[in-house]
Amino acid sequence: METLTIRNPANGDLVKTIPCSSSQSIPQVMERARKSQKIWGETPLEIRIQKLLDLRERMIQDRHDLAKTIVHENGKPEFEALTNEIFPTVELISYFATQTKKTLRPFSIPMRLMQHRKSTLHYQPLGTVLIISPWNYPFLLPMGEIVMAIATGNSVVFKPSEITPLIGLRIEKLFQDSGFPEHIIQTVIGDGKTGADLIAGKPDKIFFTGSVPTGRKILKSAAEHLIPVNLELGGKDAMIVCDDADIDHATSAALWGGFSNSGQICASVERILVHESVRDEFVREFKRKIETLRQGDPTRSSVDVGAITMEKQRLVYESQIQDAERRGLKFETGGKFSSDRRFLEPTLVVGNDIENSTIYQEETFGPVIALSTFSTDAEAIQKSNHSAYGLLGSVFSRDLKRAEKIALALEVGTVTINEVVYTAGLPETPWGGRKESGYGKKHSAHGLFEFVHTKHIHEPRWSGLQFKSLWWYPYTPLQARFFDSLFGLYQRDYLAKLASLPTILRNLITFISKEPRI
Ligand code: NAD
């Protein structure tokens, strides 16, 4: 692939044609990244953070221009680009500007047996990290990782999706314009083949966000070089609506959780499990709200729901809709494409056989919700967990204790109670899934630790006091007798433990007086 032609998915207008990076250029990219990291990794943390705050200033100034780039490539409303991508990134930089030092200050481990020695953990940069991103949040998702990588002293090679490369190039420029050292972040343009070439360049860690099939491929190639990988993959998130839920609140949450970003969110509400006693009321109210949504080209009018960003997704929707039709499921709303096939109407599907359908079981990644019912909390939990994925879940109930109990039983990375989806925008909370939704965390202290090497230094507590360890050579009967008596300390019975002390002391004194270790 030599060039990428970017068209606005909402109207087909040509946005730009840009050259791809060649395979031959990858070794130089990696070499430049390593050189740049050597200097950046030794730059004091305070200076690295100051630079990130400069970047935040630049982002605030350029926010409308950045948002327009996102809108033209991705087809989402500008409001979503500003509030769901740029604003959370500003918040994320602000959080890590204060938290990085606190979280990564050297940690002294309280010692148990070896009181004369001390152990300290130091957190050091990994080196060069490779960040591979999808197109649905082409600014927020990579920036979340780039900011943490740069704050912790790494250099970054960034491969944006081939669907949204222009905002990827703008990210590189933001860093250049904010006075960061050359090549501390390099954006590499291309498709999956380029991503594979970058892995062959042996980065120190890979942060991948994307689909399960690509995640599997990446893990295989990374295994060749033993490169560690973080995987943020797909989801089929279920929203559980209990019989005591506030239906107005729950339907408004489902509306935003299912249809914002055209439903192209890994954590969007794709399944609703509603208690059978409130099912009809929920569907009636939800349908009424869905019908108020305005959908269309966000560059021509003010809309709530934008375009289908990519052809591959349209094919998934078509196939799932056909399967639902074959099964006789009912489309309470939607199910139809616009005449130019750039938009799929916000869709709510119900029906007896729904739980066997692909629309209920497989990731849709679009403006489609499949609704089913339950009669007990245990059934809701069982149905929610009956999925290959485990990214997010949500529970709606007026009884917070009941909701927490359900939340604890769900096999997912995050559960929101009386809320949906949005915690990827909270930098202080960890983000990441279970099962086929991947592993590893981003954001929060847990996320920061993914970007550093934890080095353990074990040393004498006081200089000048030096003796040879009791377990060193030569092995002698006195030494063996002393160590054997030590097991007495680990007995469960408290009196037996106490009773072992005199023998231990006697054996120790005999041992070191006859075989001094100084
Ligand atoms: P994708 O897997 O097709 O592509 C993602 C990225 O991987 C792209 O940059 C692509 O060029 C690259 N790639 C493809 N093949 C590669 C290979 N062999 N080696 C290296 N890189 C390769 O996914 P997509 O269509 O861009 O994104 C949609 C998917 O992303 C959905 O499944 C969605 O759920 C998931 N997603 C997950 C999260 C999360 O936080 N868990 C967030 C957003 C999206």
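The values are calculated or read from the model by the stated rules, or taken from the named source; none is laboratory data. Computed from a prediction, not measured in an experiment: that's the story for all the values here. Counting neighbours? That spans all protein chains shown, and the Cβs are built from the backbone with ideal geometry, glycine included. Side chains are part of the model used for accessible areas, which takes the heavy atoms of the whole protein and leaves out ligands, DNA and RNA. Shrake-Rupley method; radii C 1.70, N 1.55, O 1.52, S 1.80 Å.
Restricting 341, 294, 314 to those that are over 20 Å from residue 283 (Cα atoms), open to solvent by 70 Å² or more (accessible area, probe 1.4 Å) and not small (Gly, Ala, Ser) reduces the list to 341. Looking across 190, 179, one residue alone is within 20 Å of residue 141 (Cβ to Cβ) and either within 10 Å of the ligand (Cβ to nearest atom) or of a type in the set (Gly, Ala, Ser) (or both). It is 190. Taking the range 387-443 as the range and being more than 28 Å from residue 244 (Cα to Cα) and either in a strand (DSSP E or B) or at pLDDT below 95 (or both) as the test, the residues that pass are 431, 434, 435, 438, 439, 442. Across the range 238-247, not a single residue is classified as more than 18 Å from the chain's Cα centre (by Cα), open to solvent by less than 20 Å² (accessible area, probe 1.4 Å), in contact (Cβ under 8 Å) with a residue 12 or more places away in the chain and within 14 Å of the ligand (Cβ to nearest atom).
Scan the range 255-266 for residues that are within 14 Å of the ligand (Cβ to nearest atom) and either at positive phi or open to solvent by 40 Å² or more (accessible area, probe 1.4 Å) (or both) and the total you get is 3.
Listed by position, the strands (runs of 3 or more DSSP E) inside the range 84-136 whose residues that are closer than 30 Å to residue 163 by Cβ and open to solvent by less than 40 Å² (accessible area, probe 1.4 Å) number at least 2 are 128-132. Scanning the range 492-515 for residues that are part of a loop (DSSP other than H, G, I, E, B) and more than 20 Å from residue 467 (Cα to Cα) gives 492, 493.
Identify, please: which residue in the range 462-485 is touching a Leu at 6+ places or on another chain (Cβ under 9 Å) and either free of Cβ contacts under 8 Å to residues at least 24 places away in the same chain or of a type in the set (Gly, Ala, Ser) (or both) and is, among those, surrounded by the fewest Cβ atoms within 10 Å (Cβ to Cβ)? The selected residue is 483. When the range 201-229 is limited to residues that are more than 8 Å from the ligand (Cβ to nearest atom) and part of a helix (DSSP H, G or I), the one that is farthest from residue 434 (Cα to Cα) turns out to be 224. Looking across the range 425-435, the residues that are open to solvent by less than 20 Å² (accessible area, probe 1.4 Å) and either within 11 Å of the ligand (Cβ to nearest atom) or of a type in the set (S, T, N, Q) (or both) come down to 431, 432, 433.
Of the set (1) charged (D, E, K, R); (2) outside any helix (DSSP H, G or I); (3) open to solvent by less than 10 Å² (accessible area, probe 1.4 Å), all apply to residue 145 but (2). In the range 373-394, the residue that is nearest to the chain's Cα centre (by Cα) out of those that are farther than 17 Å from residue 413 by Cα and either open to solvent by less than 10 Å² (accessible area, probe 1.4 Å) or outside the structural domain of residue 419 (by TED's automatic domain parsing) (or both) is 380. When the range 149-168 is filtered for residues that are open to solvent by less than 10 Å² (accessible area, probe 1.4 Å), in contact (Cβ under 8 Å) with a residue 60 or more places away in the chain and within 14 Å of the ligand (Cβ to nearest atom), the ones remaining, listed by number, are 157, 164, 165, 167. Considering 184, 171, which residue is within 16 Å of the ligand (Cβ to nearest atom) and closer than 26 Å to residue 425 by Cα? One residue alone meets the criteria, 171. When you scan the range 303-310, do you find a residue that is more than 30 Å from residue 378 (Cβ to Cβ), open to solvent by 20 Å² or more (accessible area, probe 1.4 Å) and not β-branched (Val, Ile, Thr), even just one? Taking every residue of the range 303-310 in turn, at least one turns out to be more than 30 Å from residue 378 (Cβ to Cβ), open to solvent by 20 Å² or more (accessible area, probe 1.4 Å) and not β-branched (Val, Ile, Thr).
Taking first residues from the range 126-143 that are among the hydrophobic types (A, V, I, L, M, F, W, C) and partners that are within 9 Å of the ligand (Cβ to nearest atom) and in a helix (DSSP H, G or I), the Cβ contacts under 7 Å between residues at least 6 apart in sequence or on separate chains come to 130/198; 130/199; 132/195.
Scanning the range 158-182 for residues that are more than 16 Å from residue 147 (Cα to Cα) and touching a strand residue (DSSP E or B) at 6+ places or on another chain (Cβ under 7 Å) turns up 162, 165, 166.
Conditions tested, residue by residue: (1) farther than 30 Å from residue 372 by Cα; (2) at pLDDT below 95; (3) outside any loop (DSSP other than H, G, I, E, B); (4) within 9 Å of the ligand (Cβ to nearest atom).
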site	(1), (2), (3), (4)
199	yes, no, yes, yes
231	no, no, yes, yes
249	no, no, yes, no
253	no, no, yes, no
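For the range 19-34, a tally of residues being exposed (fewer than 14 other Cβ atoms within 10 Å of the Cβ) and not polar (S, T, N, Q) returns 3. Tallying residues that are part of a loop (DSSP other than H, G, I, E, B), farther than 29 Å from residue 78 by Cβ and charged (D, E, K, R) within the range 259-305 yields 1.
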